1. Could you tell me whether the range 208-223 includes any residue that is of a type in the set (D, E, K, R), modelled with pLDDT of 95 or more and touching a Pro at 6+ places or on another chain (Cβ under 7 Å)?
2. Just wondering, is there one or more residues in the range 308-319 that are at positive phi and modelled with pLDDT of 90 or more?
3. List pairs: first residue in the range 209-237 and free of Cβ contacts under 8 Å to residues at least 12 places away in the same chain and hydroxyl-bearing (Ser, Thr, Tyr), second residue assigned to a loop (DSSP other than H, G, I, E, B) and open to solvent by less than 10 Å² (accessible area, probe 1.4 Å) anywhere in the structure, Cβ distance under 7 angstrom, at least six positions apart or on different chains.
4. Checking the condition closer than 21 Å to Phe238 by Cα, out of contact with any Ser or Thr (no Cβ under 8 Å at 6 or more places or on another chain) and of a type in the set (A, V, I, L, M), which residue from Leu329, Leu310, Leu292, Leu317 passes?
5. Look at the range 116-139 and say how many of its residues are open to solvent by 20 Å² or more (accessible area, probe 1.4 Å), on the phi < 0 side of the Ramachandran plot, in contact with a Gly (Cβ under 7 Å, 6 or more places away or on another chain) and without any contact (Cβ under 8 Å) to a residue 60 or more places away in the chain.
6. Select from the range 256-290 the residues that are in a loop (DSSP other than H, G, I, E, B), surrounded by fewer than 16 Cβ atoms within 10 Å (Cβ to Cβ) and not basic (Lys, Arg) and list them in ascending order.
7. Tell me which residues, restricted to the range 81-110, are open to solvent by 60 Å² or more (accessible area, probe 1.4 Å) and either in a strand (DSSP E or B) or free of Cβ contacts under 8 Å to residues at least 12 places away in the same chain (or both).
8. Look through the range 153-188, keep the residues that are without any contact (Cβ under 8 Å) to a residue 40 or more places away in the chain, under 25 Å from Asp213 (Cα atoms) and touching a Lys or Arg at 6+ places or on another chain (Cβ under 8 Å), and return whichever of them is surrounded by the fewest Cβ atoms within 10 Å (Cβ to Cβ).
Amino acid sequence: MCSRAPQEWGRARRFLSVCVASILLPACAPAFGVAGDWPMLAHDCSRSGATATEIRPPFERKWYRLFPDEGLMVGVQPVIADGKVFVGTMRGTLHAMDADTGEDTWVYRSEGAILHACAVGEGRVVFGDAAGRVCAVNVSNGSLAWSVRTGVAVWNSPLIHEGTVVIGGRDGYLYAIDLGGGRIRWKADVGAPLLSSPALDAGRGRVYVAGEDMSVCAFGLKDGALLWRTGKLPGVSFRGYHPVIAPDGSVMVTTTPAICLDSFEPILMDMVKEIFGDFASWRHSKEENDRLREANFRKMAEPGTYGAQLGYIRKRLTKEPVYQTFFVLDPQTGRQKFVAPIVYAESMNGTGAPPIVTTEGK
């Protein structure tokens, strides 16, 4: 069983308290080049969150940077390309730092706070700001190449693919912009603010994005045509999550739950009773707890016990879908392919991060 932690209160707290940040690089990391780059949020257009580049211990801190007067927004990832590390701050400053020393090679000051990770491609750094602009800055010297003004603040991260920038706006539109000149190739009306970054299946030529009306949409990369839209999924927001494309094209999306997930605990207790019968707790004597622990561990070692637990969770989530927070969608139709036995555990205080796809396709 996977767990996902409460986010909204934690994010609010971190929004106020994140005023100093460090960037840690392993001392033995390979030279920064194409193989070692991390050019956009979650590494690539499919948002896999993984890279084939290997780093091996021992590790030590190579350098660090403090941003005490600027602050970094929760969820911002440093982006690495062309020997530089790019980070945008809440003061609206984009820092291009030398990957070997951490020193600024240049800075660009935007009109508003930079609320998410930037993306790098073909000599340009692209990001959105709180002034409602999508900006492209030249990697070589930090000069502004172009900007596109949207309706309201931009609070998601762009992707870059073959000369096209795709980014969403809080104005409810998904934008496809020419990387070279800043011309809007198309914009698609999602009908709700976009706080979740888009993901691209380059093989199918499809862009996926999740709107704050709690629906997921698929658009054609070439012309922005709407291919499908899901119904309303359980939850209150996609903020902080982005779609992730699996190797078979399945679209994985995560939501922030609409209800207190501690109420799922009685269901988990029912599972324990059905599979294990009973378990050690304060309700029993020490002798009885010793016996139950031994019996429980024997049961857990049996083939099929873990599968039985997942099967029970899947059955209850199917029966009570309001508890679902993780969805696997068919790329052709947008329909849910199956109910994943994943439960958001409110008391666990975990990362609450989107999934990643390993280089082995898992």
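1. As a first pass, look at the range 208-223 and keep what is of a type in the set (D, E, K, R): 212-213, 222-223.
Filter again for modelled with pLDDT of 95 or more, leaving 212-213, 222-223.
Going one step further and asking which of them are touching a Pro at 6+ places or on another chain (Cβ under 7 Å), we end up with 212.
Within the range 208-223 (the criterion being of a type in the set (D, E, K, R), modelled with pLDDT of 95 or more and touching a Pro at 6+ places or on another chain (Cβ under 7 Å)), the answer is yes, since at least one residue qualifies.
2. Restricting attention to the range 308-319, the residues satisfying the condition of being at positive phi are none.
The answer is no; no qualifying residue exists.
3. Hits for this filter: zero, empty list.
4. Working: Leu329 fails: out of contact with any Ser or Thr (no Cβ under 8 Å at 6 or more places or on another chain); Leu310 fails: closer than 21 Å to Phe238 by Cα; Leu292 fails: closer than 21 Å to Phe238 by Cα.
Answer to the selection: Leu317.
5. If we filter the range 116-139 for residues that are open to solvent by 20 Å² or more (accessible area, probe 1.4 Å), which is where we start, we get 116, 122-124, 130-131, 138.
Those left that are additionally on the phi < 0 side of the Ramachandran plot: 116, 124, 130-131, 138.
Those left that are additionally in contact with a Gly (Cβ under 7 Å, 6 or more places away or on another chain): 116, 130-131, 138.
From what's left, without any contact (Cβ under 8 Å) to a residue 60 or more places away in the chain: 130-131, 138.
Counting residues in the range 116-139 that are open to solvent by 20 Å² or more (accessible area, probe 1.4 Å), on the phi < 0 side of the Ramachandran plot, in contact with a Gly (Cβ under 7 Å, 6 or more places away or on another chain) and without any contact (Cβ under 8 Å) to a residue 60 or more places away in the chain gives 3.
6. Within the range 256-290, the subset in a loop (DSSP other than H, G, I, E, B) is 257-260, 277-285.
With surrounded by fewer than 16 Cβ atoms within 10 Å (Cβ to Cβ) added as a condition, the list becomes 258-260, 277-278, 281-285.
Answer for the range 256-290, where residues must be in a loop (DSSP other than H, G, I, E, B), surrounded by fewer than 16 Cβ atoms within 10 Å (Cβ to Cβ) and not basic (Lys, Arg): Ala258, Ile259, Cys260, Gly277, Asp278, Ser281, Trp282, His284, Ser285.
7. Narrowing the range 81-110 to residues open to solvent by 60 Å² or more (accessible area, probe 1.4 Å): 82, 91, 100-101, 103-105, 109.
Scanning the range 81-110 gives Glu103, Asp104, Thr105, Arg109.
8. Tyr173
The values are calculated or read from the model by the stated rules, or taken from the named source; none is laboratory data. Quick caveat, the model's predicted, so the values are computed rather than measured. Counting neighbours? That spans all protein chains shown, and the Cβs are built from the backbone with ideal geometry, glycine included. Ligands, DNA and RNA are stripped out before the accessible areas are found, and what is left, the full protein with its side chains, is counted by its heavy atoms. Shrake-Rupley method; radii C 1.70, N 1.55, O 1.52, S 1.80 Å.
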